[in-house]
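Shown next, in structure tokens, is the structure this report addresses.
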Amino acid sequence: MKTVPISELRQHVADVIDEVQASDEPTVVLQRSRRAAYIVNPDRYERDQKELTLLRRQLFLAEVREAEAEYQAGSASRFADVDQLLDELRP
């Protein structure tokens, strides 16, 4: 993954953008030697967002199926109220 100091980005923003658009890899912008931002090709960003959305949906559906199976098996937890449920979920 390419890195670029923020000072260089300020001086050569058009060149950095051109490089990002030509590549599928993000560029890390460094400020005081620490990651400050990522510059990503828009096609890559949109593709990654779609994939992330799909993965989150799959995980959610798997958790719903698991909860339904627990409920049907009679092993689902029961709570007197929402506060009791939240107390169990808190670390």
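Which of rounded, prolate or oblate describes the range 27-69 when judged by the alpha-carbon gyration tensor and an a/c cut-off of 1.5?
Details: a/c = 8.89, a/b = 2.44, b/c = 3.64.
It comes out oblate by the Cα gyration axes.
In whole angstrom, how long is each semi-axis of the equivalent ellipsoid of the chain, when you take the square root of 5 times every eigenvalue of its Cα gyration tensor and sort them from largest down?
Values: eigenvalues 429, 66, 12 Å².
Equivalent ellipsoid semi-axes, largest first: 46, 18, 8 Å.
Using r as the Cβ-Cβ distance of Ala76 and Arg56, and R0 as 22 Å, what FRET efficiency do you calculate, to the nearest 0.05? Intermediate values should be presented prior to the final figure.
Working: r = 23 Å, r/R0 = 1.05.
According to the calculation, E is roughly 0.40.
Work out the length of the dipole vector of the range 44-89 about its Cα centre, built from +1 on the beta-carbon of each Lys and Arg and -1 on the beta-carbon of each Asp and Glu, and round it to the nearest 20 debye.
Details: 7 positive and 11 negative charges, 89 e Å.
I would put it at about 420 debye.
Spelling out what I want: for every residue of the range 36-44, take phi, set θ = phi - 60°, compute 6.51 cos²θ - 1.76 cosθ + 1.60 (Karplus), and round to whole Hz; glycine and proline get x.
Ordered by residue, 3J(HN,Hα) equals 10, 6, 10, 10, 10, 4, x, 5, 5 Hz.
Can you list the HN-Hα couplings for the range 56-70, worked out from phi with the Karplus curve (6.51, -1.76, 1.60; θ = phi - 60°), rounded to whole Hz and with x for Gly and Pro?
Going residue by residue, I get 5, 5, 4, 5, 4, 5, 5, 5, 5, 4, 5, 5, 4, 5, 4 Hz, with x marking Gly and Pro.
Tell me, in nm to one decimal, what length is gained between Ala69 and Arg90 on full extension, where the rule is 0.36 nm per residue of separation less the Cα-Cα distance?
Details: separation 21, 0.36 × 21 = 7.56 nm, distance 2.33 nm.
Taking Ala69 through Arg90 to full extension adds about 5.2 nm, to one decimal.
Once you mark the trypsin sites (Lys or Arg not before Pro) that are in a DSSP loop and have at most 11 other Cβ atoms within 10 Å, what is the longest gap between them in the chain? Each step should come with its number before you reach the end.
Details: sites that count: Arg32, Arg78.
The reported range is 33-77.
Which of the chymotrypsin sites (Phe, Trp or Tyr not before Pro) found in the range 28-91 are in a DSSP loop and have at most 16 neighbouring Cβ atoms, other than their own, within 10 Å? Before the final figure, lay out the partial values.
Values: sites: Tyr38, Tyr45, Phe60, Tyr71, Phe79; in loops: Phe79.
Taking the range 28-91 and a limit of 16 other Cβ atoms within 10 Å, the loop chymotrypsin sites (Phe, Trp or Tyr not before Pro) found are Phe79.
Under a point spin-label approximation (7 Å from Cα along Cα-to-Cβ), what is the Ser7-Ala37 distance to one decimal in nm?
1.8 nm
I want the antiparallel fraction of DSSP beta bridges within the chain, as a percent rounded to 5.
On the way: 5 of 9 bridges.
Close to 55 percent.
From the residues Ala76, Leu9, Val64, which one has its Cα farthest along the dipole of the chain in the positive direction, the dipole being from +1 and -1 charges on Cβ of Lys/Arg and Asp/Glu about the Cα centre?
Leu9
Between Gln21 and Arg47, what is the label-point separation in nm under the 7 Å Cα-to-beta-carbon projection?
Taking the simple label geometry, Arg47 and Gln21 are separated by 1.8 nm.
So how many Å³ per residue does the convex hull of the Cα atoms of the range 44-89 work out to?
Values: hull volume 3.9 nm³, N = 46.
Dividing the Cα hull volume of the range 44-89 by its residues yields 84 Å³.
Note down the magnitude of the dipole of the chain about its Cα centre, charges +1 on Lys and Arg C-beta and -1 on Asp and Glu C-beta and zero elsewhere, to the nearest 20 debye.
Numbers: 13 positive and 18 negative charges, 71 e Å.
Using Cβ point charges on Lys, Arg, Asp and Glu, the chain gives about 340 debye.
Read-outs throughout are calculated quantities, based only on the coordinates presented, and are distinct from any laboratory measurement. These figures come from a predicted structure and were not determined experimentally. Positions of Cβ are backbone-derived with ideal geometry, glycine not excepted, and every protein chain shown enters the neighbour counts.
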